[in-house]
Amino acid sequence: MTETEQEQNEAVQQLRAELGDQGVELKTEYLIQFLIARSWNIKAAKEQLENTLAWRKESNVDVHPVATLDNKLPLLYPVRGFSCLPDGNLDVHPSVSEAVLRIYRWMGGSCLHKTDNDGCPIYIERLGHHAAKEIAKYATSEEVSHYHIGCNEFLHRVIMKDCSKKAGKIINRETVIFDCTGMGWHQFHMPALYYIRAISDTDQKYYPETLNKLYLVNAPSAFVMVWKIVKGWLDPGTIDKIQILGKDYKDVLLKQIPAENLPTFLGGECTCSHMPGGCVPSQILKNIPYMEPKEYNQNVPTAYNTETMEKGKTDELIRGPLFFQPAK
Ligand SMILES: [Zn+2]
C-alpha cells in the first residue's frame, strides 16, 4: 500500500489520464476504489476498471432498472430507515420476476437496515436460516447472479446516494451483518457454496472496495473450517474487514452501530414494529406469510420482468440515477 495523500492524488490523476475519454466521466472516489483494490498499481487498476466498464455495457448493467420514489418500481428486498424511499418489503408485484420470488422464498431473511457510525448502509442477512440446498436446487446460478446484481445496483445508485447526502461525504461502502443463528451442516452444501463463490467473484471483479465492515455473528465453531476455504477466494484487503464472532458479538456491533439502528435480536433497540416482519422479514421464520408468485410474475432469469428490463434501456425514470457521478 502506498502512500501519502499526494502520491494518492497523483495516482488518481495518472489513472484518469490513462483512461482517456472514459476517465473524464468517472468520479474520483470510484477510481480510488479500483486503486485500493489493486494496491495502488495503476496498470492493474486500469485493467480492472476497463473490464468493469465493458461488463456494465455488455450486460446492460448501466440501464438496469432500480426502484426510486419517482418510478414506483417494487423493491427487490426490504429497506428500512432511508429518506429517499419509504420503508418497504419485497412483495408479489407484477414487475418482479418469478425467479426473485422463488429465490427469496428460501432465503432466511435480508434487509437493508439503517446506517452505521460511518454513515454506511447496513445489510443484514439471516444466513443461518437460509435453505441453502433448496436455493441450489430450485434456482439457477444465473438467476441468483441477476438477483444479486439488481440488489447491488439499487444499493449503489439509490441508497448510497441517499447516505452520501446525509453524511455530507461520498459513501460507497456497506456494512454487512451475517447472523448465523440456526446454522447447521446442511448450510455447507457444495452447490450452495459455489453460488456464494460466484457472487463474491462478481463483487470483487466489478464492485471492488464496496465493503466497509462484515460481521459474522453467532458463528458455529464448524464455520472456522469453511472460513478457511472461503478465505482463499477473497482479496487480503477484504479479509481484514471481516470479523467472525460467536455469541459475544453485542459490544463489537454496538461500537460500529448506534443501538437504535440495530435490531433487538442482534443486541440493539430497533424492532421496526411498524413494518410486517419487523427489522428483517423472513418467510422461513414465518414472520411474514409465504409469497406465492402469480401468473404475471414472469419466469425469466432477470430480477424484473422483461418489459421493465427493456424499459430501462430507454426510460431514464426506470433506469434511475447514474452509477457514476461526473468528476468535478
Ligand atoms: Zn429495525
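Checking the Cα-Cα distances for K114/K231; K114/K161; K57/K313; K57/K311; K72/K311; K27/K161 against a 18 Å cut-off, the pairs over it are K114/K231. Percent of Cα-Cα pairs more than 12 Å apart in segment 163-206, please. Tail of the P(r) past 12 Å holds 75 percent of the pairs. If one puts a single equal scatterer on every Cα of segment 112-207 and applies the Debye formula without solvent, what log₁₀ I(q)/I(0) results at q = 0.25 Å⁻¹? Those come out to -1.30, one per q.
Under the definition of Cα pairs under 8 Å and six or more residues apart, what whole-number percent is the relative contact order of the chain? Relative contact order here is 26 percent. For segment 225-328, the list of chymotrypsin sites (Phe, Trp or Tyr not before Pro) that fall in a loop by DSSP and count at most 12 other C-beta atoms within 10 angstrom reads Y290, Y296. Three semi-axes describe the equivalent ellipsoid of segment 76-141; taken as square roots of 5 times the Cα gyration tensor eigenvalues and ordered largest first, they are 24, 16, 8 Å.
A simple count of charges around E18, restricted to other residues whose Cβ falls under 14 Å of its Cβ and scoring Lys, Arg +1 and Asp, Glu -1, yields 0. With 20 Å bins beginning at zero, the pair-distance distribution over Cα atoms of the chain amounts to 30, 61, 8 %.
Over the residues of the chain, the helix contribution to mean residue ellipticity at 222 nm works out to -11500 deg cm²/dmol, using -39500 (n - 2.57) for each DSSP H run of at least 4. The separation of segment 1-48 from segment 125-156, counted between C-alpha centres, amounts to 31 Å. The local environment of P191, defined by Cβ-Cβ distances under 9 Å, has a net charge of +2 under the rule Lys, Arg +1 and Asp, Glu -1. A DSSP coil position with no more than 13 other Cβ atoms inside 10 Å describes the following trypsin sites (Lys or Arg not before Pro) in segment 192-278: K247. Shape analysis of segment 5-58 based on the Cα gyration tensor places the equivalent ellipsoid semi-axes at 18, 12, 9 Å, largest first. Structural descriptor for segment 5-58: relative contact order 32 percent, calculated from alpha carbon pairs under 8 angstrom and at least 6 residues apart. DSSP assigns beta bridges within segment 79-308; of those with both partners inside it, close to 25 percent run antiparallel. Share of Cα-Cα pairs in segment 259-328 beyond 14 Å, in percent? The answer is 75 percent, as a whole percent. Amide hydrogen proximity for K213: with H placed 1.01 Å from N in the peptide plane, the residues at 5 or more positions away or on another chain lying under 5 Å are T175, V176. Neighbours of F223, meaning other residues whose beta-carbon lies under 14 angstrom from its beta-carbon, give a summed charge of +2 when Lys and Arg score +1 and Asp and Glu score -1.
Pairs of Cα atoms nearer than 8 Å and 6+ residues apart set the relative contact order; for segment 138-229 it is 37 percent.
Read the figures in this text as sums done on the coordinates, not as results from a lab. Please read all numbers here as calculations on a predicted model, not as lab measurements. Glycine gets a Cβ as well: all are built from the backbone with ideal geometry, and neighbour counts include every protein chain shown.
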